[in-house]
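Enquirer: If you scroll down you'll find the structure; I have some questions about it.
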Amino acid sequence: MGETLLSIQGLSKAFGDCRVLDAVDIDVASGEFLTLLGPSGCGKTTLLRLIAGLEAPSAGSITLADEDLVRIPAERRPVNTVFQSYALFPHLTVFDNVAFGPHLHGVRGDELRQAVAEALATVGLAEFANRKPAQLSGGQQQRVAIARAVVNKPRVLLLDEPLSALDYKLRKRMQVELKQLQRRLGITFIFVTHDQEEALSMSDRVAVMNEGRIEQLDTPRRIYEEPASVFVARFVGETNLLPATVKGRDEGGLLLEVEGIELKVRPPRFDPDDKVHVMLRPEDLDVWSREELERHPELKARAIAARVEEVIYKGSTVDLLVRLSGGDRVAASAFFDEEDPTLDYKRDEEVFVTWPKDWEVLLPWDSGGAGAG
Amino acid sequence: MSGAARIGGLRNITLTLIWVWLLLFVLAPTLMVVVASLLERGESQFVIAEFTIDNFLRLFDPLYFQVFWNSIYLALVTTLICLLLGYPFAWMISRASPRLRPLLLVLVIIPFWTSSLVRTYAMVIILKANGLLNASLLWLGVTDKPLMLLFTEFAVIVGLVYSLLPFMILPLYAAMEKLDLRLLEAARDLGAGRVALFTRVVFPLTLPGVIAGCMLVFLPALGMFYIPDLLGGAKILLLGNLIKDQFLAARDWPFGSAISVLLLIFMALFMLLLVWARRRRADSGEMGL
């Protein structure tokens, strides 16, 4: 990724006694697609509004290409926003909505007409210039909002849950279009969403936020595969969390007790007697019948006895809810493949759960995080 | 009888009542005035059933042009002042905390609890030579002899603005309360400073309230007769006074009716103009860039 364009240091925001944002640090690279992901109330929208200048920070700094943004009022920041509600001006036509920004910056005549036409063509709405926003569908209004922002050629484009009001299919299509648009324009995008799938599929990096802090800032792949905390693991994707205790430590690893079996694991960052969570994605788990297990004796030591509670047919996969002998319930996804073309499980059937060696992720104990995700 | 039928029946009764009311108290009197304006004046009765257009021809007199012009001028000035005072006032109410808002609205409406005539007399007491305002000015040393305030154009405008201001504030408030504040944020985000914010977003979006308020002030201001009577003395003759005088003093009902019809036509043209202007605005595309 390119050099740092936007640098946020120790940024905090409090409304009265309520601390919405707590000492957030982020560096955003030029041309990057960064997503702020988190549940509602985690501070992601506040962070976006601070960058836009619609709120003033309580502490911390925001610099854009070595320029202090905090001292510049919203109307003069080289930053534009696509609002969740679109906030299109109802009294203006699509053309005038898009022309609003450039006209304020002194662009006139043919130059203005051309800039607006280009922006509208970019979002595929060239023929709609003379409509009023009320005459457009939700998806079209969304595109006008994007055109109205990008026509100003902002250094950073802020998008506040722009797809949340669209139906599933349109949302999927707009995700792809937005990503292509970002690549074509080369503008840095900061995208806010509470939809983890959206975050993973669109972003170069994802900042997972919780209670005003950034829990993890990483590539989508590392966020999913190596979450830094129980919160991230549970928020991103489906997760099984098993309580475990560190029994001891030997050369190159830890000895762990989980669900009645002993496990040797790599990362030596915990101490004996620590309680930890073992995180496993449903697709990491293998479910065996007793006969199958007999054919794989090497798995016996690591297999956890369990009972099938629910079988959910999903088309490309079969999802199982399985009660482990220790009482915890886990979700497992099994794919149809040549090894197991039928995936024939029955409720109450006795099974055994294993996972490939070293695929587990150890997370610090979090009292709020027990049980299956 | 089913519930839907009962509701339908109720609706018919309500609609019938409204129609009867409009026919009896709006259409019938208006028609009577129109008819009277085309009849001759009688000695013993108010009108004689003989057709004439003399009443209208009499209006083409420079004297009445002057009255007509005075009325429009005063109504326009009143409307403008009400708009300039009412706009910030309504804005303040609409931006006040939700707990304070009902109280502020009640304060706007409270004057309606007493008769407008009584309140106009109160204005006389304030404005007269030894009245409250002059006494205060003398006491403060702003002036050393009482100002001649009452029976001036100034007094008439003060009285009209005072009486009609709530009619400007309420529709403005209604329009401002509906204003989506997120649009203001969007405008700032796109580079609008304070002036552009007002001229490009706030004012255009509250324009329906401005038009409604101006109509509710301008039209009554044309016809109010007791305020110019009481506060302007006999010096300022307006259409409202002229009509009243024809009916009550001169006992010339046909001529009074003719002036009323003229006023009615003028108001109707004014409203048609507004409707036409709004329709044109709605149809027009670019903001003339």
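The values are calculated or read from the model by the stated rules, or taken from the named source; none is laboratory data. Quantities reported herein were computed from a predicted structural model and do not represent experimental measurements. We place every Cβ from the backbone using ideal geometry, glycine too, and count neighbours over all the protein chains shown.
Enquirer: Looking at (1) surrounded by 15 or more Cβ atoms within 10 Å (Cβ to Cβ); (2) over 25 Å from B:Leu231 (Cβ atoms), which is the only condition B:Val106 fails?
Expert: (1) is the only condition that B:Val106 fails.
Enquirer: Can you give me the ranges of the strands (runs of 3 or more DSSP E) entirely in the stretch A:292-366 with at least 1 residues that are touching a Phe, Trp or Tyr at 6+ places or on another chain (Cβ under 7 Å)?
Expert: A:304-313, A:317-324, A:350-354, A:361-364
Enquirer: Restricting the stretch B:207-243 to residues that are among the β-branched types (Val, Ile, Thr) and part of a helix (DSSP H, G or I), which is nearest to B:Ala129 (Cα to Cα)?
Expert: It comes out as B:Ile227.
Enquirer: Let me ask something else about it. Give just the number: which of (1) in a helix (DSSP H, G or I); (2) within 10 Å of chain A (Cβ to nearest Cβ); (3) surrounded by 19 or more Cβ atoms within 10 Å (Cβ to Cβ) does B:Met176 not satisfy?
Expert: (2)
Enquirer: Just give me the residues in the stretch B:204-218 being surrounded by 18 or more Cβ atoms within 10 Å (Cβ to Cβ) and either in contact with a Leu (Cβ under 6 Å, 6 or more places away or on another chain) or closer than 14 Å to B:Tyr173 by Cβ (or both), in sequence order.
Expert: B:Leu205, B:Thr206, B:Gly209, B:Val210, B:Ala212, B:Gly213, B:Leu216, B:Val217
Enquirer: Could you tell me which residue of the stretch A:71-107 is surrounded by the most Cβ atoms within 10 Å (Cβ to Cβ), considering only residues that are assigned to a loop (DSSP other than H, G, I, E, B) and facing chain B (nearest Cβ under 7 Å)?
Expert: Among those that are assigned to a loop (DSSP other than H, G, I, E, B) and facing chain B (nearest Cβ under 7 Å), it is A:Ala87.
Enquirer: Do we have any residue at all in the stretch A:204-214 that's surrounded by 18 or more Cβ atoms within 10 Å (Cβ to Cβ), part of a helix (DSSP H, G or I) and modelled with pLDDT of 90 or more?
Expert: No, the stretch A:204-214 has no match at all.
Enquirer: A:Met279 versus (1) surrounded by 18 or more Cβ atoms within 10 Å (Cβ to Cβ); (2) modelled with pLDDT of 90 or more; (3) over 29 Å from A:Val206 (Cβ atoms): which is the lone unmet condition?
Expert: If we test A:Met279 against (1) surrounded by 18 or more Cβ atoms within 10 Å (Cβ to Cβ); (2) modelled with pLDDT of 90 or more; (3) over 29 Å from A:Val206 (Cβ atoms), just (3) comes out false.
Enquirer: Does the stretch A:164-184 hold any residues that are closer than 23 Å to A:Leu54 by Cβ, modelled with pLDDT of 90 or more and among the hydrophobic types (A, V, I, L, M, F, W, C), and which are they?
Expert: The one that is closer than 23 Å to A:Leu54 by Cβ, modelled with pLDDT of 90 or more and among the hydrophobic types (A, V, I, L, M, F, W, C): A:Leu178.
Enquirer: To continue, here is another question. Looking at (1) outside any helix (DSSP H, G or I); (2) within 9 Å of chain B (Cβ to nearest Cβ), which one does A:Ser40 not meet, given that it meets all the others?
Expert: The failed condition is (2).
Enquirer: Can you name the residue in the stretch A:50-70 that is within 14 Å of chain B (Cβ to nearest Cβ) and under 13 Å from A:Ile8 (Cα atoms) and is also farthest from the chain's Cα centre (by Cα) among such residues?
Expert: Step by step, filter the stretch A:50-70, then rank; the result is A:Leu69.
Enquirer: I'd like the full set of residues that are without any contact (Cβ under 8 Å) to a residue 60 or more places away in the chain and either surrounded by 10 or more Cβ atoms within 10 Å (Cβ to Cβ) or over 19 Å from the mean Cα position of the chain (by Cα) (or both), limited to the stretch B:117-127.
Expert: Selection gives B:Arg119, B:Ala122, B:Ile125, B:Ile126.
Enquirer: Also, quick follow-up: Return the total of residues in the stretch B:182-206 being in a loop (DSSP other than H, G, I, E, B) and at negative phi.
Expert: 3
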